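The values are calculated or read from the model by the stated rules, or taken from the named source; none is laboratory data. Since the model is a prediction, treat every value here as computed from it, not as a measurement. For neighbour counting, all protein chains shown are included, and Cβ atoms are generated from backbone atoms with ideal geometry for every residue, glycine included. Quick note on the areas: whole protein, heavy atoms, side chains included, nothing else; ligands and nucleic acids left out. Shrake-Rupley method; radii C 1.70, N 1.55, O 1.52, S 1.80 Å.
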Amino acid sequence: MTLLARAGLLALVLIVPALAAAQETQSFEADDGSYSFQYPVDFTLSHMFPDGTGDVTGVTASTMSNGDVLITFLGPRDPGSISQVSEQTRDVIVDEFTKAIAVLPSIRLKSTAMTTLLGQPAIDMVFTNARFSNVAINRYIFTVVDGKAYNFECIYPEDKSGRFSPACDLAVSTVRLGTADPAAANEAGSAPASASCSELELNMRSVNVSTLASEIMMKDQSPDTIARMKAAIEAAAAINERAGSAPSGQDCRDVDAIVETLR
């Protein structure tokens, strides 16, 4: 066998497993058919609560050895004053997310980058959360499509970024909106949100409640803690439902109060 043939055979041996591994994905589809995305086969469906109850919210690879690993797609939301995502609006968007997400001294903005989501310009924001012994990455990829805001939330340990960051990238690159109308509950003719608390701001606060509650339950899965975290998440969800598409400043303050109970 010639040297060239041997090299070709070696390349084939190396490429075939890589191609097979690249195909080992599954498709997540929202219950209402509003969106779908691909995720690695070693992830499973993620429920609202760690005991496996509540609505399916995304996918997870959370284990005692992996730590907290979650991928969630959120939207559509009212983007408030943000009509588009671009380099020009980047600082404004990052500031809004930072104010909503970095509510504890342990949470800090690490980096931002322009990317694409749903075929539109998007901002990839990476926050570190050093609240516990292992630093966690909280990553938000945000865009606006047809006047509605969408974003992925990816959570994984910083020391396992090499393993789980590609899973987040896979979901972001493959997400597609379905034929169902996900914005049916937010008709264009709805009353505008209060300037003091937009629908986007309220939803980001509610996401923060879920994130903090999830972190607490990863460390303490006692029945009392799970019950307390469930109550916090359900209370934030009730405020969102009450507010609808026209939240008030009081709605945001009420969710902020829930966040305070989780510190």
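The phi-based Karplus calculation (6.51 cos²θ - 1.76 cosθ + 1.60; θ = phi - 60°) puts the 3J(HN,Hα) values of segment 120-134 at 10, x, 9, 10, 9, 10, 10, 10, 9, 10, 9, 5, 10, 5, 9 Hz, whole numbers, x for Gly and Pro. Between Ala122 and Thr115, Thr116, Leu117, the built amide H atoms are under 5 Å apart, and every one of these is 5 or more places off in sequence or on another chain.
What is the set of long-range amide H partners of Leu262 at a cut-off below 5 Å, with H atoms built 1.01 Å from backbone N? Residues meeting the criterion, in which the H sits 1.01 Å from N, do not exist here.
Our summary gives segment 81-177 a relative contact order of 22 percent, counting only alpha carbon pairs under 8 angstrom and 6 or more residues apart.
Surface composition of segment 197-263: carbon plus sulfur atoms contribute 52% of the solvent-accessible area (1.4 Å probe, protein chains only, all chains present).
Converting phi to 3J(HN,Hα) with the Karplus coefficients 6.51, -1.76 and 1.60 and the offset θ = phi - 60°, segment 67-81 yields x, 7, 10, 9, 10, 9, 9, 10, x, x, 10, 6, x, x, 7 Hz in sequence order, with x at every glycine or proline. Fully extending the segment from Ala130 to Asp256 would add 43.3 nm, taking 0.36 nm per residue of separation and subtracting the current Cα-Cα distance.
The modelled label-to-label distance for the pair Arg242/Gln38, using points 7 Å beyond Cα in the direction of Cβ, is 4.4 nm.
Mean separation of Cα pairs under 8 Å and 6 or more residues apart, divided by the residue count, gives segment 74-135 a relative contact order of 27 percent. Shown in residue order for segment 104-112 are the 3J(HN,Hα) couplings computed by the Karplus curve 6.51 cos²θ - 1.76 cosθ + 1.60 at θ = phi - 60°: 10, x, 6, 9, 9, 6, 9, 6, 9 Hz (x for Gly and Pro).
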